[in-house]
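Chemist: Once you've had a glance at the structure underneath, I'll fire off some questions.
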Amino acid sequence: MLSPQLLPKTPNPLSSIYTPNPFKSLNPKTLKPSKPNFKPKPHNPTTIQSVLQWNRKPQLAGDTPRVVVITSGKGGVGKTTTTANVGLSLARLGFSVVAIDADVGLRNLDLLLGLENRVNYTVVEVLNGDCRLDQALVRDKRWSNFELLCISKPRSKLPIGFGGKALTWLVDALKAREEGSPDFILIDCPAGIDAGFITAIAPANEAVLVTTPDITSLRDADRVTGLLECDGIKDIKMIVNRVRTDMIKGEDMMSVLDVQEMLGLALLGVIPEDSEVIRSTNRGYPLVLNKPPTLAGLAFEQAAWRLVEQDSMQAVVVEEEPKKRGFFSFFGG
Amino acid sequence: MALVWNPQFHSISSQPSICGWKHGISSNILEHRRELGLSYSRYNWVQQRTARSFLFRALSKSANSDEDKVVKTETEINGWKNSIGKLQETIKSFPPVVFVMKKDVGINFAIGLCVATTILVVAVRVYVARKVSSSRPGSVADLVRRGQLRSDRRGISSPLKYEDPFNNPLVKVGKSNSTVEMCGKVYRLAPVTLTKEQQAIHQKRRSRAYQWKRPTMFLKEGDSIPSDVDPDTVRWIPANHPFATTASEIDEGLAQNNVYQKHGVPFRIQAEHEALQRKLEALQSEQKLNKLVIDPTNAKDFERPFKHLTSHEQAGQGPSNRIGSDSSPEEMQKP
Ligand SMILES: Nc1ncnc2c1ncn2[C@@H]1O[C@H](COP(=O)(O)OP(=O)(O)OP(=O)(O)O)[C@@H](O)[C@H]1O
Ligand SMILES: [Mg+2]
């Protein structure tokens, strides 16, 4: 009896819940999506290049191994999530990857990858001579070209005097492996600019800076970028994580282009806020392996693609193009 | 349905002479009551589960109205009122005996149908909810499966495979290159405006703002700086640092060799093995000399290195000794 009222009130509840318009630009012209018959302004076609590439293997740029540190300054912004997802994406694209969890006290990359039961040895044991390096590398059985290496067990102490040296030796040893050098060595950096950070950046040639679009995270990101540049790491690209279009629309959150204006770094990827992140942590199955893929998973995959080609984003997704919805669109049409 | 049916009822009851008196009308009442019962339960259902809109669609479709929703509701309500009024009219116009006789049957039937429908709806809802919660990937059930949570009441999720990464039908770039289609939605693109010059300006700003040398020397608070060390590169570590230690129990060169070792027995294991060997030999020669029975304390001594190893292995395995390391989740997921 009330049904006819309910029906037209919710034109498509699913579209607003599951696929929020992920990214939004500064462009004030695009800030009026509420107009019902919104006609997109024709963009200058020369400035826009496609953000997505598929159907070919990415071209590996630069010398191998590419030693990439994933850092942020501020804690909890998604470094470990990024390492797990980008790392497995790279493995799926056919590159051999070693992910190093350099978070000495609070390691959790193994949990995100679902490999926690298989970490028997860590770098500390290798240094002590309790095991060889190859015994400490945990090979992922889903993609056998992905390996995990943890720096230490939660309770053990790392001799900090040569933490950075130890990582450099590790990279050298991996380079000289019999099965060949890995294509990528990803280092999941701990938060802060403490000893852990110093250790993690020591062997790196390039950096991925993870940030969220809020001012606290941005200030730390700027500081960390400065330190990295002082240390001679000039190839720094950023990933903007946990982007929420609804908040950007309400002017409660900075847009991706705002963030870029503040930091002046090339964009490697833009990751929307996604509840699937927590679910995939529960499963120990990184988001990029989800089927069907989620928007955040696709975004991580594309970031990995750009990392391979040393490319950066030339365009960001602004908003969902309004589609004329038919009367029967409810049925999934 | 009620809407469509009402006029029919009206027309039938206004021509009582055509259909047989008793039979025709009483069945009409029956039907009407059932209809009321049904639509009432459906009304309940609408309130409970607004998401199941397809049924409402069916309802509104059969109501055959493309007009405005407000009008629709009004006509619905009116129709409902009408139908009640009509029912009361017909009831009043009946001979009292027939009415009393048929009333009990009709009410009982309507109530019965109502109860049955409600039970069915509840059962289906519970079933659907269970099915959804057990099949959804990434729920807490997965933590149970991985041995992180202690409950076996929950289901175990199905394995998952991802096909070819180079062929993703869910992502398409638009023809004009200014749109991209992901997961069935079309998104517009805006160009990135950052230029190389702007990037360089930011770099310059940062190099002025932050001057830093990566520390290479780590000293405990209170230590004195060696004379040949640049004070800028010294990092002071608090004595109670939770996981760092400045005192290196291991020799640096030795540690480096350990990292580079590719084959053979790891250094420490080798050393312990050799120590054990020496002890054993010493003991054996002692036994030969003294012809003593094996001392139980000595036997315990032999076991120690082995124990040391196993405790090492267990330390990293977390709370999940129920799932051994050789039945790890990946293996279970292997097709
Ligand atoms: N795009 C996202 N959407 C929703 N939640 C997210 C997203 N990215 C990260 N998170 C959540 O943020 C939390 C922190 O993530 P993560 O552990 O990757 O951060 P981190 O930078 O490695 O933290 P730490 O500094 O402690 O090492 C996690 O609970 C994760 O689920
Ligand atoms: Mg982390």
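Chemist: Could you grab me the full set of residues in region A:175-193 that are of a type outside the set (Asp, Glu) and either within 16 Å of ligand 2 (Cβ to nearest atom) or in contact with a helix residue (DSSP H, G or I) (Cβ under 7 Å, 6 or more places away or on another chain) (or both)?
Modeler: A:Ser181, A:Pro182, A:Phe184, A:Ile185, A:Leu186, A:Ile187, A:Cys189, A:Pro190, A:Ala191, A:Gly192, A:Ile193
Chemist: Of all residues being surrounded by fewer than 23 Cβ atoms within 10 Å (Cβ to Cβ) and within 14 Å of chain B (Cβ to nearest Cβ) in region A:182-194, which is nearest to ligand 1 (Cβ to nearest atom)? Just the residue, please. Lay out the reasoning, then the answer.
Modeler: So the first thing to find is which residues in region A:182-194 are surrounded by fewer than 23 Cβ atoms within 10 Å (Cβ to Cβ), and the list is A:183, A:191-194.
Pick out the ones that are also within 14 Å of chain B (Cβ to nearest Cβ) and you get A:191-194.
Working: A:Ala191: 4, A:Gly192: 8, A:Ile193: 12, A:Asp194: 12 Å.
The qualifying residue nearest to ligand 1 (Cβ to nearest atom) is A:Ala191.
Chemist: Looking at (1) more than 9 Å from chain B (Cβ to nearest Cβ); (2) among the hydroxyl-bearing types (Ser, Thr, Tyr); (3) crowded, with 21+ Cβ neighbours inside 10 Å, find the lone condition where A:Ser280 falls short.
Modeler: (1)
Chemist: For region A:74-181, list the helices (runs of 4 or more DSSP H) that sit wholly inside it and hold at least 2 residues that are more than 11 Å from chain B (Cβ to nearest Cβ); which are they?
Modeler: Correct list: A:79-92, A:109-113.
Chemist: Answer with yes or no whether A:Leu115 is crowded, with 23+ Cβ neighbours inside 10 Å, at negative phi and either touching a residue at least 24 places away in the same chain (Cβ under 8 Å) or within 16 Å of ligand 2 (Cβ to nearest atom) (or both).
Modeler: Taking the combined requirement at face value, the residue satisfies it.
Chemist: Also, I was wondering about something else. Considering only region B:191-214, how many residues are outside any helix (DSSP H, G or I) and within 23 Å of B:Arg235 (Cβ to Cβ)?
Modeler: Residues flagged as outside any helix (DSSP H, G or I) and within 23 Å of B:Arg235 (Cβ to Cβ) within region B:191-214 amount to 5.
Chemist: With the structure loaded, tell me whether A:Ala102 is within 12 Å of ligand 2 (Cβ to nearest atom), modelled with pLDDT under 90 and open to solvent by less than 10 Å² (accessible area, probe 1.4 Å) or whether it fails that test. Write out each step before concluding.
Modeler: Working: within 12 Å of ligand 2 (Cβ to nearest atom): yes; modelled with pLDDT under 90: yes; open to solvent by less than 10 Å² (accessible area, probe 1.4 Å): yes.
The answer is yes for A:Ala102.
Chemist: Looking at region A:79-98, which of the residues that are open to solvent by less than 10 Å² (accessible area, probe 1.4 Å) and within 12 Å of ligand 2 (Cβ to nearest atom) is farthest from A:Leu148 (Cα to Cα)?
Modeler: A:Thr82
Chemist: While we're looking at this one, here's another question. Of everything in region A:266-277, what is within 8 Å of chain B (Cβ to nearest Cβ) and surrounded by fewer than 24 Cβ atoms within 10 Å (Cβ to Cβ)? Give them in sequence order.
Modeler: Here is the first cut: in region A:266-277, the residues within 8 Å of chain B (Cβ to nearest Cβ) are A:266-267, A:276.
Listed by number, the residues that qualify are A:Ala266, A:Glu276.
Chemist: Restricting region B:265-291 to residues that are modelled with pLDDT of 85 or more and part of a loop (DSSP other than H, G, I, E, B), which is most open to solvent (accessible area, probe 1.4 Å)?
Modeler: Only one residue tops the list, namely B:Val265.
Chemist: Follow-up. Could you list, in sequence order, all residues of region A:284-295 that are touching a residue at least 40 places away in the same chain (Cβ under 8 Å) and either within 12 Å of ligand 1 (Cβ to nearest atom) or touching a Phe, Trp or Tyr at 6+ places or on another chain (Cβ under 8 Å) (or both)?
Modeler: Hits for region A:284-295 are A:Pro286, A:Leu287, A:Val288, A:Leu289, A:Leu295.
Chemist: Looking only at region A:195-231, which residues are farther than 22 Å from A:Val104 by Cα and within 9 Å of chain B (Cβ to nearest Cβ)?
Modeler: A:Asp222, A:Gly226, A:Glu229, A:Cys230
Yes or no, residue by residue, for (1) closer than 24 Å to B:Ile201 by Cβ; (2) open to solvent by less than 10 Å² (accessible area, probe 1.4 Å); (3) not aliphatic (A, V, I, L, M):
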site	(1), (2), (3)
A:Pro203	no, no, yes
A:Thr216	yes, no, yes
A:Arg219	yes, no, yes
A:Leu227	yes, yes, no
A:Asp235	yes, no, yes
A:Arg244	no, no, yes
A:Gly250	no, no, yes
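The values are calculated or read from the model by the stated rules, or taken from the named source; none is laboratory data. None of these values were measured; they are calculated from a predicted model. Every residue, glycine as well, gets a Cβ built from its backbone with ideal geometry; the counts of neighbours run over all protein chains shown. Remember, those area values only see protein heavy atoms, side chains included, never the ligands or the DNA or RNA. Shrake-Rupley method; radii C 1.70, N 1.55, O 1.52, S 1.80 Å.
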